Amino acid sequence: MNLISIISPVIDQMENSHLKTQLQTYFPQQEEQFSVIEESFREFTSQKQSKEILNTFFKSWSQTNNSAMTVAGLSNRMTMIIHKKKEVNSEYDLFRAVSSLNRIVDEDLAVVGRILHSKLFYNMATSIAEDDSWLSHEYLTQEAVDFKAWKDKNSLRNRDIMIGLLTTLVHEIYTHGEVEFIIPLFENWLKEEGRLTESEIDKSLAWIRVHCGPTEKDHFFHAVDAVNSYAKAFNIDIKEYDLKEIVDDYLRLKSEVMGVLKRELSKEYTY
């Protein structure tokens, strides 16, 4: 099992469209980036790691996840259009786009469920790293900073809101692949390490498990709905957008984050 084998079947479930064709075209071209990401997770979960590695890994990896506030900010930008009384072809479709974005972050913000997903990530990292020193910015790599800055710029700074919506679309389908790929790696790793009880492992991996199955898959289709509804609201022709640059940049920056972490792991093994 690899990332593209998890991602592609979900893309194939989309209705025939320009978006589907673009995703089917560009994601399989990312084999090199996928390989770096996959090997990083495999190496991380292959043996007991030092405190320094655990802290660096969780702090930097966290910057490529936990994006609920970015999605909420994108939704905020869309409602601001109404607040500023700007011309809209269909307010109904604009608010439908907002509604679809909000469905992406229901679980993250504990609107559905009883705990913030950021808290679940904190629990996972803190349990595995044994304390929350991983939160310190000293463990944040420049590559992780660059990834988050690019993603936030696309979603919150780019004047064209459609770019933010398409970035969210790419993020959601990638994240579906990532959580499904890593859950057996983390489960086997923690069981073999033997430090945590089965109950403690279940609690530690709640952040990953809650995103598996239909969760991220549903988020992806909500992102598709948001794109299509926003296009209707402003008579935008989606065919005018090429997703190649977004897909390329997203996976290049993501693989750079994981590649640095992989190199840190490799250095650790040589000591």
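The values are calculated or read from the model by the stated rules, or taken from the named source; none is laboratory data. Keep in mind that what you see is a predicted model, and the values were worked out from it rather than measured. Cβ: placed from backbone, ideal geometry, glycine included. Neighbour counts: every protein chain shown. The accessibility values were calculated without ligands, DNA or RNA, using every heavy atom of the protein model including side chains. Shrake-Rupley method; radii C 1.70, N 1.55, O 1.52, S 1.80 Å.
Among all residue pairs at least 6 apart or on different chains, which show Cβ distances below 6 Å where the first residue, located in region 185-209, is in contact (Cβ under 8 Å) with a residue 12 or more places away in the chain and the second is outside any helix (DSSP H, G or I) and of a type outside the set (Ser, Thr, Tyr)?
Going by the 6 Å Cβ cut-off, the qualifying pairs are PHE186/LEU205; LEU190/LEU196; GLU193/LYS48.
Do you know which residues across region 135-149 are open to solvent by 40 Å² or more (accessible area, probe 1.4 Å) and more than 30 Å from ILE81 (Cα to Cα)?
Quick first cut of region 135-149, residues open to solvent by 40 Å² or more (accessible area, probe 1.4 Å) only: 135-138, 140, 142-143, 145-146, 148-149.
Answer for region 135-149, where residues must be open to solvent by 40 Å² or more (accessible area, probe 1.4 Å) and more than 30 Å from ILE81 (Cα to Cα): LEU135, SER136, HIS137, GLU138, LEU140, GLN142, GLU143.
Would you be able to tell me the number of residues in region 60-80 that are open to solvent by 20 Å² or more (accessible area, probe 1.4 Å) and without any contact (Cβ under 8 Å) to a residue 40 or more places away in the chain?
Of the residues in that region, 5 qualify.
Please work out which residue is surrounded by the fewest Cβ atoms within 10 Å (Cβ to Cβ), limiting yourself to region 204-235 and to residues that are out of contact with any helix residue (DSSP H, G or I) (no Cβ under 6 Å at 6 or more places or on another chain) and farther than 18 Å from THR175 by Cα. Walk me through how you get there before you give the answer.
Looking only at region 204-235, we keep the residues that are out of contact with any helix residue (DSSP H, G or I) (no Cβ under 6 Å at 6 or more places or on another chain), and these are 209-210, 213-215, 218, 221, 224, 228, 234-235.
Now drop any that are not farther than 18 Å from THR175 by Cα, which leaves 228, 234-235.
Numbers: ASN228: 20, PHE234: 17, ASN235: 10.
Looking at residues that are out of contact with any helix residue (DSSP H, G or I) (no Cβ under 6 Å at 6 or more places or on another chain) and farther than 18 Å from THR175 by Cα, I get ASN235.
Out of (1) surrounded by 20 or more Cβ atoms within 10 Å (Cβ to Cβ); (2) within 14 Å of the chain's Cα centre (by Cα); (3) closer than 19 Å to LYS59 by Cα, the odd one out for ASP152 is which?
With respect to (1) surrounded by 20 or more Cβ atoms within 10 Å (Cβ to Cβ); (2) within 14 Å of the chain's Cα centre (by Cα); (3) closer than 19 Å to LYS59 by Cα, ASP152 is out only on (1).
Criterion first (open to solvent by 10 Å² or more (accessible area, probe 1.4 Å) and under 19 Å from the mean Cα position of the chain (by Cα)) does VAL247 satisfy it?
Criteria not met by VAL247.
Among the helices (runs of 4 or more DSSP H) confined wholly to region 140-229, which include 1 or more residues that are among the polar types (S, T, N, Q)?
Values: elements: 142-152, 161-193, 198-204, 206-211.
Hits in region 140-229: 142-152, 161-193, 198-204.
In region 186-202, which residues are over 18 Å from the mean Cα position of the chain (by Cα) and surrounded by 15 or more Cβ atoms within 10 Å (Cβ to Cβ)?
Step one: of region 186-202, the residues over 18 Å from the mean Cα position of the chain (by Cα) are 187-202.
GLU187, TRP189, LEU190, LEU196, ILE201, listed by residue number.
Six or more apart or on different chains, Cβ under 8 Å: which pairs go from a residue in region 24-37 that's closer than 11 Å to VAL247 by Cα to one that's outside any helix (DSSP H, G or I) and at pLDDT 95 or above? Could you list them?
Between residues of region 24-37 that are closer than 11 Å to VAL247 by Cα and residues that are outside any helix (DSSP H, G or I) and at pLDDT 95 or above, the close pairs are TYR26/LEU243.
Hey, could you check region 1-27 for residues that are surrounded by fewer than 15 Cβ atoms within 10 Å (Cβ to Cβ) and among the hydroxyl-bearing types (Ser, Thr, Tyr) and say which is nearest to ALA223 (Cα to Cα)?
In this case the residue turns out to be SER17.
Would you say GLY213 is modelled with pLDDT under 95 and either touching a Lys or Arg at 6+ places or on another chain (Cβ under 6 Å) or not charged (D, E, K, R) (or both)? Talk me through it step by step, then tell me what you get.
Working: modelled with pLDDT under 95: yes; either touching a Lys or Arg at 6+ places or on another chain (Cβ under 6 Å) or not charged (D, E, K, R) (or both): yes.
The answer is yes for GLY213.
Quick one: how many residues across region 32-53 are closer than 24 Å to SER136 by Cβ and either part of a helix (DSSP H, G or I) or aliphatic (A, V, I, L, M) (or both)?
Number satisfying all stated conditions: 7.
Can we say LYS20 is closer than 21 Å to ALA226 by Cβ, free of Cβ contacts under 8 Å to residues at least 60 places away in the same chain and touching a helix residue (DSSP H, G or I) at 6+ places or on another chain (Cβ under 7 Å)? Don't jump to the end; show me each part of the working.
Numbers: closer than 21 Å to ALA226 by Cβ: yes; free of Cβ contacts under 8 Å to residues at least 60 places away in the same chain: yes; touching a helix residue (DSSP H, G or I) at 6+ places or on another chain (Cβ under 7 Å): yes.
So LYS20 passes the test.
Test each condition in (1) touching a residue at least 24 places away in the same chain (Cβ under 8 Å); (2) crowded, with 18+ Cβ neighbours inside 10 Å; (3) within 22 Å of VAL71 (Cβ to Cβ) for TYR122 and report the one that comes out false.
(1)
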